[in-house]
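The values are calculated or read from the model by the stated rules, or taken from the named source; none is laboratory data. Being a predicted model, the structure only gives us computed values, none of them experimental. Reconstructed Cβ throughout: ideal geometry from the backbone, glycine too, with neighbour counts over all protein chains shown.
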Amino acid sequence: MTRSEYFESIENSLIQTLDGTKFDNHTKQMFAWRIGARFNRSYDEEFIWQRALYLSSNACRLFQVDLTSDIALKALKTSAEIYEYLSAISEKFDKDFCYILSALCYDIAGYQANALCMMRSFLERNQNKFYSINPGGESINSSLNDENYILFHVQLILLKQIPFAFLTYKRSSSLENDDVTKNEDLLGIYLFDKAIYSWYENILKGAESSFNDHIRDAYRYYLYKGNVFVSQILQLLSCRFDKYNERSIWKTLSPHSTSNSYVWSKYIKLLSNDFYRRFKIKSPKDRRSTFEFWVSQMNAFQQGILLDQESFIIQMPTSAGKTFIAEIAILDCLLKYPDKKCVYVAPFRALTNEKEIELSNNLSKIGYSVSSLSGDYELDEFQNFILETTDVLIATPEKLDLLYRLQNDYFSEVSILVVDEGHIIGDLNERAALLEFLIIRLKRKLPHLKILFISAVMPTENSVEFSKWISKKDSNVIKSPIFVDNEVWQPTRKIIGKFNWISKDSSRITYPKRDFQEDNNSSKIPAFVVNLIQRKNIGRRKFPSTSHRGQTAVALAYKLSENGNVLVFCSRPDWALAVCRAFLYLYESISRAKEEILPYFKENLNSESFFNAQRWLGGESPITKCLKIGVGVHFGDLPEPVRKSVEKDYRSGKLRVLISTNTIGQGLNFPIKSLIIHSLDINPKEDLKVEIRDFWNIIGRAGRAGKETEGQIIFLALNEKDEERFESYTNIDNIKRVESIFKILVQLRVSIGQDDFDNYLKLFSEPYIMSMLVEEVIDTEDQAIVEEIIDNSLFNAQQIDITPLRTGFSTVVQRIRTDVSEVEKLKAFASNGFNIDSNLALEKAINDDLEELQTIINEDNYIELISFILKSFDQGGIQEVHFGEKLEGLNGQVSILNDLIINWITGESIDALYEVWVKSVPTGLQTREKLFVFLSQGLNYRLPWGVTAFIIVLKYSLKISLEDLPSNIQALSSYVKYGVDDKLACFALSLGIKSRELSKEIVEKYDGSRNYQNFMNWLTNLTIIELNTWDLHPFDKENLLDVILKFNTKRFKVEIPKSFEFRIRGTYFSAEAQTNSKDVNVGDNLNYLRDVENEVDPFAIKIFKGSNFLGYVPREFSKPLSVEIDLNEKKYSIVVMSSTAKTGASNNDIHVSMSEIDN
């Protein structure tokens, strides 16, 4: 038999094993038994175990000739799943060892996140003790036998604890060749140590080495010695090293890093060494290396995502690593085009916050500034400062649209545009038109702009159209690989079950796509679990009621919380609140019955979400009460500080259950083990329901990569309509195509009539076409603009009859030319995002009382101006200042809220605002919930936009510039949005400060100039010693530290300078440092020490004279310096430039020079 024939026979045997009927059925039975199904099982553990060993060992052999073999990958994944099932239910084999084998097979097969999950579960099960084959259970570190030493390192590798593994490696350093020659028994460990040492060095430092040869030598040694256990482990580990060569971040990025190798090297070291957590340096045991790409990410680089000027559609499942791909593409552009910016479009405000944290985590540490522009259509004076000082800008489509109107030139300096959750372009609303026109205008302005368009739920047939639109090519679509059996790679598996009440008190969860046979003679049945929950007496009453959807969801959530985090999805906020109340009812019933409550739901007053809910919602709110017992509630109209802290506490595990609306489907990443679908109706009267596309986006959140190997989705089917919905929604082929709203409009033209077609087209296009007309030179033909819109559009790529749109757009252009013929007026109208009718209404209101407005402006009377603006909104019928159905009673009479808005701007408490609200609004709106809807829809969005539009038209009418307006009036839209009447306080809130009270306190502490750069420098250099002198609530201090640490006021890109000069910080606030500073003289040599014990600043560097503490390196320098010290082991000298006694102070002011010492 030739070599090729041998490996072909191996492949054929793997296929036969995988396709075996008995093997398939026994595996499915094991799965069903593991999830709790009970039946007459007939699976044979010994048979399954032997097949798993056969599959895994022969897959490794097959990889010797083909590292990309789909058959080998499927064999290893199947083995991993079998070992995972056995680790939970085996009655014959060592469950702990099954964890290790499962993790190893997952790791090799390209499911590294699952490998990590398996090892974490193993450690949790064993109280953080590593697996050892010592019968006495000795500590693995004290064991001298080969098996345990090798097992120890294998477990560290699977846990991605490479920095700790590198520190604990010590064997070969004490072994010399002479020792090995004299004692052959040492050879195996010697070879193993050589392999892991060189591999660890490659991961952590990029050092080239022959680790593959060394590990194969160690494998052969133990195989020759007849040690089956170790040789089996080393065979898998050798295969794992081979796969590393294929997936290594160092190797993959090396072709792209030749011109900026220093920065790429630092970036990769940040990933692999994992030094930093939120507020402190991680201990070596807590560091988890990211050192290779996932299968999906490798696909992106192999398809050329880093090629210059090439745009791509990234069409991958949720949690497949899309943001990491985007981050590397952004860094590539920052390095190739150092004078240009990168823009990340996040369609929802909550997502902008999350992406700012994710992208700044690494990019900020290598010298780049990552910032989000919060909000939508409002003028922020400090916006210019953020734009000037930011390398990577994250913003909503609305904010970018306004920016494009006001500062069109900014986009000339953009090298890459990343569009996240891009499928929203297929929604039936104005935002879809806005996003399409934003991309149309950018493509038209910047024909070579690189665009990454990201979606987890775009149907495959759409991808070619979007590729044509974005890149002008059919093939620029990056997908997850498709393996054998047409299985799309995704990092975790999803299991979807249907819940039914099958009798008065009994329930059943059925998993239709997980069928099996009880024995060879029976027919297939779906896996099922009976009575996961039952109706039972809690005190005097039975719970849950079978007719109460909320109680059923709560009973399931309570039970499933024993396995991990649970999310209950509700299609409407009022139903989310109903589930919230049902949870409180269950909790109170258990308490009254004096039964034991699960530990996750014990009262906890020490959570940030509870703290903020008390501040905003009050102690009697059901949301606040739920947060106190570990249950979060999340929907769009919650006050933003509450919503953000709920997200944070759910991620950190302080909340075990989250009740959420579609905000969960807006790209937010949560660690969800089980997801319960409570409802899908949005408005039953109009048959409006959650889109199937959104349903799949939501359930994709279950089983988050790195947190779980599996996500369970349970669909409540309590009636016949639910049954039908289950069949429809769980069929992924039913996801609708993502289509341009303009294509849909053309398709509806006949049914809705020409007049409605024209009105909708005007609504969806007029503000954007106005903006495009302003860009044009006088000689540009209007029809040419229309043709450019069509040429750069999505609808043109989707092959529809363009004629109605061409005619309609031409009509819109003609109307603009007719109604707004003056160029300066057109510029004003085009810059605020309002349509022509609304702009004309504002202009009329302004011109009718221009003299009064001039007086208001001369006096900088912003309170009076807001009253005037609200009245103009009442009179003009301005559709942009419309608060939707939830606040229908306010539309057209905004001025009744004059007192409320003034109280809001001047910083009154929420309780005081609620009192004014009740007095001001119609009876049906007099609730706190409606007040918060107004805060969300009105004060955070519609009214700041309206104020911005008014001020833009006002300055046109007065023939002045924005800079000619008084300070408070310039900032009025920010005052309305943030609820404070101080520019720096607004700036602080825009940076991420969560409370108005804290923002004002920060400004009170600041005694510098009213300059944004100076304020930012002061803020980011505050030391913990200084903050400890402030009277801050712990959660406010934590929030402030978050903001302080995320920014780079000194942007040292590429390489940092060799020398810095600065004043030592924090001396004044430490009695010890004050005294020591008196002994410092010019020319003294000082020393420094990384403050690894610092609990609030991972970048802190202490400065000493000898052993005498003097203070800290300012954070603007300590952040880049500490990264160099930690990653590149650089060393510095410090020399005193001046030491001056401060007037009225008890310390010297010390200026120093800190310079790199050449190696």
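Structure values in brief
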{"read-out": "Within the stretch 403-412, considering residues that are under 15 Å from Met772 (Cβ atoms) and at pLDDT below 90, the one surrounded by the fewest Cβ atoms within 10 Å (Cβ to Cβ)", "value": "Asn408"}
{"read-out": "Positions within the stretch 731-741 being in contact with a Phe, Trp or Tyr (Cβ under 7 Å, 6 or more places away or on another chain), crowded, with 20+ Cβ neighbours inside 10 Å and under 20 Å from Gln315 (Cα atoms), in sequence order", "value": "Ile735, Ser740"}
{"read-out": "Scan of the stretch 21-49 for residues that are free of Cβ contacts under 8 Å to residues at least 24 places away in the same chain and either of a type outside the set (S, T, N, Q) or not assigned by TED's automatic domain parsing to the domain that holds Ala80 (or both), ordered by number", "value": "Asp24, His26, Tyr43, Asp44"}
{"read-out": "Residues being basic (Lys, Arg) and surrounded by 24 or more Cβ atoms within 10 Å (Cβ to Cβ) - total across the stretch 296-348", "value": "1"}
{"read-out": "Asn891 being more than 30 Å from Ile785 (Cα to Cα) and under 41 Å from the mean Cα position of the chain (by Cα)", "value": "yes"}
{"read-out": "Conditions (1) crowded, with 19+ Cβ neighbours inside 10 Å; (2) at pLDDT below 90; (3) not in a loop (DSSP other than H, G, I, E, B): number failed by Glu888", "value": "(1)"}
{"read-out": "Members of the stretch 1104-1133 found to be in a strand (DSSP E or B) and in contact with a helix residue (DSSP H, G or I) (Cβ under 9 Å, 6 or more places away or on another chain), listed by number", "value": "Phe1104, Lys1105, Asn1108, Phe1109, Leu1110, Gly1111, Tyr1112, Tyr1132"}
{"read-out": "Per-region count, the stretch 86-105, residues touching a residue at least 40 places away in the same chain (Cβ under 8 Å) and either β-branched (Val, Ile, Thr) or surrounded by 24 or more Cβ atoms within 10 Å (Cβ to Cβ) (or both)", "value": "7"}
{"read-out": "Residue in the stretch 54-75 that is in contact (Cβ under 8 Å) with a residue 24 or more places away in the chain and under 30 Å from Phe499 (Cβ atoms) present", "value": "no"}
{"read-out": "Elements of type helices (runs of 4 or more DSSP H) contained in the stretch 685-778, each with 1 or more residues being small (Gly, Ala, Ser) and within 30 Å of Gln407 (Cβ to Cβ)", "value": "754-775"}
{"read-out": "Elements of type helices (runs of 4 or more DSSP H) in the stretch 515-624, at least 2 residues being more than 26 Å from Gly636 (Cβ to Cβ)", "value": "549-560, 573-592"}
{"read-out": "Residues located in the stretch 89-103, provided they are out of contact with any Lys or Arg (no Cβ under 7 Å at 6 or more places or on another chain) and of a type in the set (A, V, I, L, M, F, W, C)", "value": "Phe93, Phe97, Cys98, Ile100, Leu101, Ala103"}
{"read-out": "Pairs where the first residue, in the stretch 1021-1037, is not assigned by TED's automatic domain parsing to the domain that holds Asp1091 and the second is among the hydrophobic types (A, V, I, L, M, F, W, C) and part of a loop (DSSP other than H, G, I, E, B), C-beta under 7 Å, 6+ apart", "value": "Ile1024/Val1096"}
{"read-out": "Which listed residue, of Ile215, Ile189, Ile233, Ile196, is under 20 Å from Ser289 (Cα atoms) and either in contact with a Pro (Cβ under 6 Å, 6 or more places away or on another chain) or assigned to a helix (DSSP H, G or I) (or both)", "value": "Ile196"}
{"read-out": "Some residue of the stretch 18-37 being part of a loop (DSSP other than H, G, I, E, B), hydroxyl-bearing (Ser, Thr, Tyr) and at pLDDT 90 or above", "value": "no"}
{"read-out": "Residue count, the stretch 1144-1159 (criterion: outside any strand (DSSP E or B) and within 22 Å of Gly1083 (Cα to Cα))", "value": "4"}
{"read-out": "Criterion: without any contact (Cβ under 8 Å) to a residue 60 or more places away in the chain, touching a helix residue (DSSP H, G or I) at 6+ places or on another chain (Cβ under 7 Å) and surrounded by fewer than 20 Cβ atoms within 10 Å (Cβ to Cβ) - qualifying residue of Gln875, Gln937", "value": "Gln875"}
{"read-out": "Qualifying residue in the stretch 666-680 (condition: within 28 Å of Leu913 (Cα to Cα), touching a residue at least 40 places away in the same chain (Cβ under 8 Å) and assigned to a loop (DSSP other than H, G, I, E, B))", "value": "no"}
{"read-out": "Residues that are of a type outside the set (Phe, Trp, Tyr) and either closer than 11 Å to Gly833 by Cα or outside the structural domain of Ser374 (by TED's automatic domain parsing) (or both), drawn from the stretch 401-418", "value": "Asp401, Leu402, Leu403, Arg405, Leu406"}
{"read-out": "Odd one out for Ser503, checked against (1) more than 35 Å from the chain's Cα centre (by Cα); (2) not in a loop (DSSP other than H, G, I, E, B)", "value": "(2)"}
